[in-house]
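Please read the structure below before turning to the comments.
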């Protein structure tokens, strides 16, 4: 018997609520495909037990994996997700953002001083995150998730989306990790007490690391548990190293 179930799912069509065109000027959201890894007969330290409710990890991919094929979002991290499901009694939800939408509301531009980012100081409307929140709530119910063990992570655009969801739901997520992402420093007083681990390549020119560094410092000053791992000489593809950090899974599953 396989130790985990790997779902392609167009099910939970219940989520098509909120996917209908809206009339308030917000861009209509397209269907949100997702993959779900569900633990079965786990062999790790948190073996599946009817009395031991599952944890949940939500993972948000980067901009290059957007689309509707329900496959591209697994280009990075698939083995990591399988380990979480198989060995740590964790359902892993990996949705796919539509091509022309984003997990966050920031944008970048090139200036004479180089690339700069404009992240919103306050929470803004984001229709794809509205649908994603409905999806998360549905998975929690259907999979009988322990609501004290819901974690979130993402890379690049998904790292920024991770910070947006922390802002939308302060204190909802037990732990979070952000790979080559960033956000407005005001997030430090908006995301609640969730511990956050940042990973970033020092030579990243796609999402420059100064925004993650600044946010990390702000969170530290507020007394929120946070970590920052910087990779010297590494560019935007720091996720390869982050997914292989030996302490990441133990940190997530505390």
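Every read-out reported here was derived from the displayed coordinates using simple, explicitly stated rules and does not represent laboratory data. All of these numbers come straight from a predicted model, not from anything done at the bench. When we count neighbours, we look across all protein chains shown, and the Cβ atoms used for this are built from the backbone with ideal geometry, even at glycine.
Modelling each spin label as a point 7 Å along the Cα-to-Cβ direction, I'd like the residue 108/residue 40 distance in nm, to one decimal.
Here the answer is 4.1 nm between the modelled labels.
Could you rank the peptides 234-240, 91-97 by their average count of other C-beta atoms within 10 Å per residue, with the highest value first?
Output ranking for 234-240, 91-97: 91-97, 234-240.
I want to check the label-to-label distance for residue 172 and residue 241. Put each point 7 Å from Cα in the C-beta direction and report it in nm to one decimal.
Calculated label separation equals 3.2 nm.
Tell me whether the range 37-163 comes out rounded, prolate or oblate; compute the Cα gyration tensor, take square roots of the eigenvalues as a ≥ b ≥ c, and use a/c under 1.5 as the rounded threshold.
prolate
Tell me, in nm to one decimal, what length is gained between residue 53 and residue 229 on full extension, where the rule is 0.36 nm per residue of separation less the Cα-Cα distance?
This chain segment gains 60.3 nm when fully extended.
Place the peptides 69-81, 220-232 in order of packing, highest mean first, counting for every residue the other Cβ atoms within 10 Å and averaging per peptide.
Highest to lowest by the protection proxy: 69-81, 220-232.
For the range 148-199, what class follows from the C-alpha gyration tensor (a ≥ b ≥ c being the square roots of its eigenvalues): rounded when a/c is under 1.5, otherwise prolate if a/b is larger than b/c, else oblate? Could you put the intermediate results ahead of the total?
Working: a/c = 1.78, a/b = 1.19, b/c = 1.50.
Oblate shape, in that a/c is at least 1.5 and b/c is the bigger or equal ratio.
Where the eigenvalues come from the Cα gyration tensor of the range 110-228, what are the semi-axes √(5λ) of the equivalent ellipsoid, largest first, in whole Å?
Values for the range 110-228, descending: 25, 16, 13 Å.
For the pair residue 146 and residue 202, how long in nm is the line joining their label points, each one 7 Å along Cα→Cβ?
Reported label-point gap for residue 146 and residue 202 is 3.9 nm.
Taking the convex hull of the alpha carbon atoms in the range 84-155, what volume per residue do you get, in Å³?
148 Å³
When a/c is below 1.5 the answer is rounded, else prolate if a/b is larger than b/c, else oblate, so apply that to the range 78-122 with a ≥ b ≥ c taken from the square roots of the Cα gyration tensor eigenvalues.
prolate
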